[in-house]
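Scroll down for the structure; my scribbles are underneath it.
Quick note: the coordinates plus some simple rules give every number you see, no bench work behind them. For clarity, every value in this text was computed on a predicted model and none was experimentally measured. No Cβ is skipped: glycine too gets one built from the backbone with ideal geometry, and neighbour counts run over all protein chains shown.
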Amino acid sequence: MSACGGLGNLCLRGESQARRRLGARAGLPSIGPLCLFVLLAPTASAQRTVLRPGWNMFTPQQDIELGKQAAADAEKQLPLCHAPRVDAYLTQLGMRLVEKLPTGGVQYPFEFHCVNDKAINAFALPGGYVFINRGAIEVADNEAQLAAVMAHELSHVALRHGTNQATKAQAAEGVLGIASGILGGSTGGALLSELGAFAAGGVLLRYSRGAESQADVMGTQVLYDSGYDPRAMGQFFEKLEAESKGKNPPEFLSDHPNPEHRVERVEEEIDKLRGVPPNAKRDSAEFEAIKREVLALAVVKRLAPAAAGAAKAPAPPSGNFAAYKANAYALKYPDNWKKYADNNGNNASFAPEGGVVDDSTGHAALAYGLIVTVSQATGDPNDWDALNNATEQAIHDLQKSNPNMKITRQPEHVRLNGQPGLATYLSNDSPLGSQETDWMITTLRPEGLVSFVCVAPQSAYEKYDKTFNGILDSVRFTK
Ligand SMILES: [Zn+2]
């Protein structure tokens with residue numbers, strides 16, 4: 001299955017491969033004594049790096065609301081360690097780091113959970129909900145290295161990277177209704193819970209390399225200020241590098257992509273902090289005891305996402321329809337489906353409960369339902385050639401992010417609310433595994449090319465045919 005299977009895939013990451021960094025440091029040119037004197041004199045560059053949260057359409061309060069719901073869902077879906085001593089230790093260590101975390105005065109409700117997963121990984125949801133895999137505890141050589149991972153995660157929270165990334169993704173893509181729905185103002189939280197908050201939470205955990213580097217730098221400062229050896233940050237990443245040799249890279253690196261010169265940047269920050277403090281803490285007896293306890297926990301096998309998804313097929317579509325009105329069109333959809341729409345409403349998705357799933361890479365993807373998009377195109381609505389060209393372009397664009405998408409039946413002329421339309425059948429990788437059928441109806445309107453894409457797994461498509469036809473028959477163009 002492709003990394004971006006599923007038509008409804010949000011594919012917000014665009015940087016899935018963790019790049020490998022060579023350990024060698026660039027050789028420094030030799031410098032004379034005069035230069036040395038100049039370099040040693042205190043300068044502005046010797047100050048610690050100042051980091052602040054970036055552009056964000058959310059308020060810190062919304063970070064907390066979104067994170068709280070996603071965390072509640074994560075707790076239901078993830079195999080937790082259920083080891084009270086381990087959680088208590090993580091909380092105590094985490095809160096020691098939080099004391100030195102610059103949150104800009106926001107009181108985040110920090111929580112720390114141990115996840116019974118051998119993969120080396122950890123993640124923090126907006127608002128301060130931190131999940132640490134047992135694999136990350138097991139791979140750490142000492143308390144300082146575990147503190148380093150946690151300080152890195154806490155920095156993502158303080159720098160509000162989750163909602164910052166979601167803000168940027170929304171601005172860059174503005175396409176599929178699901179991402180838009182999450183961002184659709186004050187109802188964001190409600191939409192999240194409808195979507196399956198943790199699946200949607202995937203959108204909040206797509207960090208750029210720039211965000212990673214910031215989390216490393218702030219994390220190093222937090223380690224230093226809490227009295228830990230700040231070199232533990234670089235040491236932990238060197239361990240991850242070593243773990244990636246000859247095998248799949250650790251999961252941490254796919255969620256937290258490796259920035260260039262990661263370890264060097266950490267060392268540079270330690271220099272700015274004037275080096276390692278003399279009594280820096282590295283390990284503790286508690287850490288060693290907790291690590292032993294974690295190593296002794298029973299191993300829980302993870303369900304493959306495909307198996308997890310296949311386990312619960314959505315309820316059949318209701319025969320009763322609800323009305324939906326966007327700027328450019330109106331339609332009716334089964335009243336037991338949910339709708340996710342962007343602000344002007346033209347880009348919208350409609351899906352049954354369970355129709356939006358986590359794909360193999362942790363993205364929210366639509367497996368059952370309808371996606372309506374309006375893309376840029378010009379031409380007379382009655383000109384078949386213009387419609388043909390715009391449709392070809394739209395399919396070509398979809399194939400860029402869905403490389404296994406294929407036309408299975410050439411476009412046929414149809415009418416949609418009396419307007420010329422093209423109906424094209426396609427096949428694609430379903431986010432549930434196997435193949436899905438995508439039935440795409442396109443029509444040219446003053447707003448651009450309006451595409452209605454009906455999606456269901458091939459094996460279930462027949463059961464949805466009547467519903468999709470009913471929806472398309474109900475389409476009315478509003479101008
Ligand atoms: Zn990270």
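Listed peptides 289-298, 121-130 appear in the order 121-130, 289-298 once ranked by packing, highest mean of other Cβ atoms within 10 Å at the front.
Please sort 150-160, 235-245, 61-71 by packing, taking for each peptide the average over its residues of neighbouring beta carbons within 10 angstrom, highest first.
150-160, 61-71, 235-245
Taking the number of Cβ atoms within 10 Å of each Cβ as an exposure proxy, the fewest-first ranking of Thr437, Thr49 is Thr49, Thr437.
Peptides 374-387, 454-467 ordered by packing proxy, namely the average of other Cβ atoms within 10 Å per residue, highest first: 454-467, 374-387.
Annotation: amide H-H contacts under 5 Å for Asn121 (H modelled 1.01 Å from N, sequence separation of 5 or more, or interchain): Asn133, Gly135, Ala136. Across the stretch 81-86, rounded Karplus estimates of 3J(HN,Hα) from the backbone phi angles (6.51 cos²θ - 1.76 cosθ + 1.60, θ = phi - 60°) give 6, 6, 10, x, 5, 5 Hz, Gly and Pro being marked x.
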